[in-house]
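As C-alpha cells, the structure follows; a few thoughts come after it.
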Amino acid sequence: MRCPYCGGSDTQVKDSRPSEDGAAIRRRRVCPDCAGRFTTFERVQLRELSVLKRSGKRVPFDRDKLQRSIDVALRKRPVDPERIERLVSGITRQLESGGEAEVTSEAIGELVMEGLKGLDDVAYVRFASVYKNFREAKDFEDLLGTLAETGGLPEPESTTGRRRARARP
C-alpha cells in the first residue's frame with residue numbers, strides 16, 4: 001500500500017480489526033519513510049460493476065463517490081456515522097448481488113433516496129433536490145407533500161395549539 005503523504009511503497013500494518021458492521025477490515029498503517037499514519041479498509045467485492053450514466057457514458061462503480069454524495073446530503077445532520085456506513089454498505093451489496101454487471105445511475109439514485117428516506121428526512125430532500133434536478137420551489141412542495149402523505153414528515157403544528165410565552169412586567 002502506498003503512503004498517501006510521501007508515496008513510499010513500503011507501509012507497515014500496525015493494527016487490524018473488523019469494522020463496526022463486520023463487512024470490512026480496518027487497518028492502521030505507518031510509513032517508515034515519513035512516519036505518516038493512515039487507515040485503510042479492506043472490503044469484499046463480489047463483482048466489478050459499471051455505472052451507465054444518463055449521458056450514455058459508462059464508468060466504473062465507485063463506492064467512495066457513493067459515500068461522498070450521501071455525506072453531502074447528511075452534512076450537519078445528527079446521524080450516527082455507523083448508520084451511514086451501514087447504508088453505504090447495504091446499497092453496495094445490493095448492487096453487487098443484483099446479478100447485473102452494469103447498473104444505471106438512476107437505479108443507484110433510487111436506492112440512495114430510499115435509504116435516506118428512512119435515515120433522515122432533511123438529507124432525503126437535499127439529495128432529491130440534486131438528483132431530481134429541482135428547478136423551482138414547487139418541486140420542493142411536491143416532494144414534501146409526498147413525504148407528509150407517506151408519514152415521513154410530521155404535519156405542521158397549528159399555532160393555536162402552542163403555548164405562548166408570557167410577557168414579563
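The values are calculated or read from the model by the stated rules, or taken from the named source; none is laboratory data. What you see is a predicted model; the values in this text were computed from it and never measured. FYI the Cβ positions are ideal-geometry reconstructions off the backbone, even for glycines, and counts take in every protein chain you see. The accessibility values were calculated without ligands, DNA or RNA, using every heavy atom of the protein model including side chains. Shrake-Rupley method; radii C 1.70, N 1.55, O 1.52, S 1.80 Å.
First select every other residue whose beta carbon is under 9 angstrom from the beta carbon of G8; then total the charges, Lys and Arg +1, Asp and Glu -1. Surrounding charge for G8 is -1.
If you keep only loop residues by DSSP, which chymotrypsin sites (Phe, Trp or Tyr not before Pro) in segment 1-84 have at most 12 other Cβ atoms within 10 Å of their Cβ?
Here no chymotrypsin sites (Phe, Trp or Tyr not before Pro) fit, given the DSSP loop and packing criteria.
Within segment 1-20, what residues put their amide N at less than 17 Å from the label point 7 Å along the Cα-to-Cβ vector of D33? Flagged as within label range: 1-13. Using the alpha-carbon centroid of each, what span in Å lies between segment 76-133 and segment 1-71? Result: 19 Å between the Cα centres. Ligands, DNA and RNA left out, the 1.4 Å accessible surface of segment 67-122 is 50% carbon and sulfur atoms.
Per residue, segment 1-129 exposes 61 Å² of accessible surface when a 1.4 Å probe is rolled over the protein heavy atoms with every protein chain present.
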